[in-house]
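Everything on this sheet refers to the single structure shown next.
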Amino acid sequence: MYLRGMQKSALLFLVFLLASCQWFAPKEALKQDILSQDRQTVDWKQVDRYPVFDGCGEEMSQTELLACFTESLSDQLSVVLKQSTTSHSLSSSDTLWGIVRVTAQGHVFMDSLSTPSVAIQDSLPLWQSRFNQVFEKMPVVAPALKRGVPVGSLYRLPMVWSAGNQANDTLNTAIQ
């Protein structure tokens, strides 16, 4: 009887030991497994919330936030084009492509500026300088969020110049 009780105890101990092996695994290895799974399942190219300017409500949908962000950028950049004497060098079909960066701290600036138009290639440094002056004066925005953490983000911003008379010149933008 005594031997049978020992066998049951040993068997129970062995089952407990095998079932609890994960408890003895290094915590770092478990963290790495979780991170590896997250990297495979999370879309790291999309943010959970776009940057937010004052006037754009936190309760807006993602689509509304993006539209508000784009409109706020467009309003700021339109001022530059309307006040610039070099805007006359733009034809009605010119498009400037800007790569806009929003840092995790909420600072906005233009990484680069390009255009398919050969006619205005020489004036790109001037445009870049003017746009950067606007971004330097721009208020800090609430940065994009990914899983609740502020992250830097990049946006490709086409700026299509619609020239008519000076009073009706407009800048159309849409983040891509």
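The values are calculated or read from the model by the stated rules, or taken from the named source; none is laboratory data. Small disclaimer: the values here were computed from a predicted structure and weren't measured. Glycine also receives a Cβ, built like all others from the backbone with ideal geometry; neighbour counts cover every protein chain displayed.
Quick notes on this one:
- Top-ranked residue in region 115-131 [being surrounded by 14 or more Cβ atoms within 10 Å (Cβ to Cβ) and of a type in the set (S, T, N, Q); ranked as farthest from residue 156 (Cα to Cα)]: 123
- Hits in region 56-77 (condition: loosely packed, with under 12 Cβ neighbours inside 10 Å and in a helix (DSSP H, G or I)): 63
- Test: residue 9 is modelled with pLDDT under 85, assigned to a helix (DSSP H, G or I) and surrounded by 15 or more Cβ atoms within 10 Å (Cβ to Cβ): no
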